[in-house]
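The values are calculated or read from the model by the stated rules, or taken from the named source; none is laboratory data. As the structure is a computational prediction, the values presented were derived from the model and not from experiment. Here the Cβ positions follow ideal geometry from the backbone for every residue, glycine too, while neighbour counts run over all protein chains shown. For the accessible areas, the whole protein counts, side chains as well, though only heavy atoms, and no ligand, DNA or RNA atoms are used. Shrake-Rupley method; radii C 1.70, N 1.55, O 1.52, S 1.80 Å.
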Amino acid sequence: MKRFLPCLLALLCAGPLTAQSPDDFITTFRKNFERWDLDHDGTLSAKELDAAIVDPQTKNDNAATVAALKRASRLTKSTLPPFTLESVTTMTQQHRPDLEKMFQDGMKRITNATNRTLFPNGLPEMETIRQGKLGNCFCLAPLGALVHRDPSKAAAMYAVQSDGTYQIRLGKKTVAVAPPTDAEIALGAANEGGGIWVNLYEKAVGMARNEDRPAEQRVDVPYDAERGGSAGTMLAYITGHEIVRFSFKFAKGSTTSADDFAAKLIDLRRQLAEATQQNRLMTCGTIKPTTPGLTPNHAYAVLGYEAAADCVRLWNPHGENFEPKGASGPESGYSTTNGVFQIPVEQFVRQFSGMAFEVVN
């Protein structure tokens, strides 16, 4: 017994045994750098990074690492040096940008994507969508509007193929899409265990937009073709229908007379009521809102208009929950659940820049 006592004490002092955790960002990066540096020039180029992202064999912490680097490379407020062992080590140590946090965000999305079937809940659900780090709210807002209006019609956009790929119908175009890689999942929208249909949609939109570009402007990762756009234009793209726009410029500044302002609101309420009654899709967007809880430069889905309350019901693709710290209103914000909230029409036009209505002939 005595000869086992030191070993027992050592185990007790070491604490409870746990499963091995994934490596951190910089450890994973160093382990894989030579393999990802395809031309062995000591620098991980954009093409080499993209090759790792679209590779189905790049999994788990490896995928979260390349996704973190991809996110960093897309930052617009700072210019980063080429990705070498030395430069990435320095960036990690200085947390500029915070590559470890980006890595952990990616790991969380990969880990949570346990069910990679198409519709594990039977039909798509708007409430499960959580926008990722692609800046593609303008793509997700019309998708959310479509899913809210008719989940069955949204599901009909997808067709599973015998080889495990998918055909995704976007308006007048059909796109063949392979299942998303782990790195693509780390970059894209989370879906709260609701399947991979949102990730497939993001990938299909990127591929379709990429194909529409001149050959010399095409990119290697479809998600790179989703940077920047109009929710109204995307609404037309995925439905194949035309849209009409309604600008809220009249509500900004003091140049609009009270009579003109009132007339614009009457026209807007009429169009909102008609679109809601006819189940037509609607989107809207912000530029620089002042109300807490509203996201700047962001696209939203308009889910409907309630005439009795004179409110529009909106959905933010971030899918967040928000509770105002004071009375609900423009000063404190509006109670939000899974991205859904109501805002009075008069405040709607003051905080948002405009909207788009689907036209159905």
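Structure values in brief
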item	result
Selected residue (criterion: nearest to residue 188 (Cα to Cα)) from residues of region 67-102 that are in contact (Cβ under 8 Å) with a residue 40 or more places away in the chain and in contact with a Ser or Thr (Cβ under 6 Å, 6 or more places away or on another chain)	99
Near pairs, Cβ below 9 angstrom, 6+ apart or cross-chain, from region 274-288 (free of Cβ contacts under 8 Å to residues at least 12 places away in the same chain) to any residue that is open to solvent by 50 Å² or more (accessible area, probe 1.4 Å) and not in a strand (DSSP E or B)	288/296; 288/297
Qualifying positions in region 227-270 - among the basic types (Lys, Arg) and within 22 Å of residue 290 (Cα to Cα)	249, 252, 264
Residue match in region 214-232 (condition: open to solvent by less than 20 Å² (accessible area, probe 1.4 Å), in a helix (DSSP H, G or I), touching a residue at least 40 places away in the same chain (Cβ under 8 Å) and within 26 Å of residue 309 (Cβ to Cβ))	yes
Single residue of region 205-244 satisfying the filter (under 14 Å from the mean Cα position of the chain (by Cα) and among the small types (Gly, Ala, Ser)) that is farthest from residue 297 (Cα to Cα)	206
Number of the exception - residue 152 against (1) open to solvent by 40 Å² or more (accessible area, probe 1.4 Å); (2) within 25 Å of residue 55 (Cα to Cα); (3) not in a strand (DSSP E or B)	(2)
Number of the exception - residue 238 against (1) open to solvent by 30 Å² or more (accessible area, probe 1.4 Å); (2) part of a helix (DSSP H, G or I)	(1)
Failed item in (1) open to solvent by less than 50 Å² (accessible area, probe 1.4 Å); (2) of a type in the set (Gly, Ala, Ser); (3) at pLDDT 95 or above, with residue 164 passing the rest	(3)
Hits in region 179-213 - residues which are open to solvent by 50 Å² or more (accessible area, probe 1.4 Å) and not in a helix (DSSP H, G or I)	179, 192, 213
